[in-house]
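Read-outs throughout are calculated quantities, based only on the coordinates presented, and are distinct from any laboratory measurement. Note that the coordinates shown come from a computational prediction; the quantities given were computed from them, not determined experimentally. So basically every Cβ, Gly included, is an ideal-geometry build from the backbone, and we count neighbours across all protein chains shown.
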Amino acid sequence: MEKKPCIDSLVVKNSHVLPTDTNNHGTLFGGQLMAYIDDVAAIAATRHARATVVTASTDSVDFLYPVNAGDAICLEAFVTWTRNTSMEVFVKAVKEELLTGKRAVCATAFITMVAVDDTNTPQEVPTVYPETDEEHWLHSGAAARAQHRKERRGVSKEFANRFGTDFPWKRD
């Protein structure tokens, strides 16, 4: 499989934040921002793999600045690292106050996507390679982030096994 540069998967999406996208404080719903993040990550991963992808994990999403009704939000995403069938996608969200031009990074996240075939079996993806200083910086920390995700997934499985599908705290 031919290697691909990070830039080949770049996705840029702009949206105008409308009142229907906001909560009672007039700021963008966190869940809406997370949906935007997942959407651009999926497009970036699909561009890289040229295959159907599924979300395997989302690292923490920290909301750094509120995004208000009337603002624009710009999301940028690209594949930063690959393994056999998975891709780490970096997503940056920038809010812009349209009337003043003031901009701020309001969130960043790493999403892990897996390429799958028609039977939802994971399939191999091309290796990605960095070119810019920023891409090299993201790429160099990816293995450690992947190890952290693996450990976190183990803890999640432990919770799932311990609590199961019943409500153990429910009394008859």
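D118 is checked against (1) loosely packed, with under 15 Cβ neighbours inside 10 Å; (2) under 22 Å from E135 (Cα atoms) and fails just one. What number does that condition carry?
Only one criterion in (1) loosely packed, with under 15 Cβ neighbours inside 10 Å; (2) under 22 Å from E135 (Cα atoms) is unmet by D118, namely (2).
Regarding T80, is this residue under 20 Å from L138 (Cα atoms), of a type outside the set (A, V, I, L, M) and in contact with a helix residue (DSSP H, G or I) (Cβ under 7 Å, 6 or more places away or on another chain)?
Numbers: under 20 Å from L138 (Cα atoms): yes; of a type outside the set (A, V, I, L, M): yes; in contact with a helix residue (DSSP H, G or I) (Cβ under 7 Å, 6 or more places away or on another chain): yes.
Yes.
Kindly evaluate A72 against the criterion of being surrounded by 14 or more Cβ atoms within 10 Å (Cβ to Cβ), of a type outside the set (S, T, Y), touching a His at 6+ places or on another chain (Cβ under 6 Å) and farther than 24 Å from A144 by Cα. Walk me through how you get there before you give the answer.
On the way: surrounded by 14 or more Cβ atoms within 10 Å (Cβ to Cβ): yes; of a type outside the set (S, T, Y): yes; touching a His at 6+ places or on another chain (Cβ under 6 Å): yes; farther than 24 Å from A144 by Cα: yes.
So A72 passes the test.
I'd like the residue in the range 96-107 that is surrounded by 16 or more Cβ atoms within 10 Å (Cβ to Cβ) and in contact (Cβ under 8 Å) with a residue 40 or more places away in the chain and, out of all such residues, is farthest from I7 (Cα to Cα).
Initial filter on the range 96-107 (surrounded by 16 or more Cβ atoms within 10 Å (Cβ to Cβ)): 96, 106-107.
Imposing the further condition that a residue be in contact (Cβ under 8 Å) with a residue 40 or more places away in the chain reduces the set to 106-107.
Values: C106: 22, A107: 20 Å.
Filtering first and then ranking leaves C106.
Consider the range 1-49. How many of its residues are over 18 Å from the mean Cα position of the chain (by Cα) and within 30 Å of V116 (Cα to Cα)? Explain how you work it out, then say what you get.
Looking only at the range 1-49, we keep the residues that are over 18 Å from the mean Cα position of the chain (by Cα), and these are 1-5, 16-27.
Keeping just the survivors that are within 30 Å of V116 (Cα to Cα) gives 1-5.
Qualifying residue count for the region: 5.
Is one or more of the residues making up the range 146-168 in a helix (DSSP H, G or I), in contact (Cβ under 8 Å) with a residue 60 or more places away in the chain, crowded, with 18+ Cβ neighbours inside 10 Å and not basic (K, R)?
No, the range 146-168 contains no residue that is in a helix (DSSP H, G or I), in contact (Cβ under 8 Å) with a residue 60 or more places away in the chain, crowded, with 18+ Cβ neighbours inside 10 Å and not basic (K, R).
Where in the range 13-125 are there strands (runs of 3 or more DSSP E), lying wholly inside it, with at least 2 residues that are touching a Phe, Trp or Tyr at 6+ places or on another chain (Cβ under 7 Å)? Let's see the steps before the verdict.
Details: elements: 52-58, 72-82, 86-96, 103-116.
Of the strands (runs of 3 or more DSSP E) lying wholly inside the range 13-125, those with at least 2 residues that are touching a Phe, Trp or Tyr at 6+ places or on another chain (Cβ under 7 Å) span 72-82, 86-96, 103-116.
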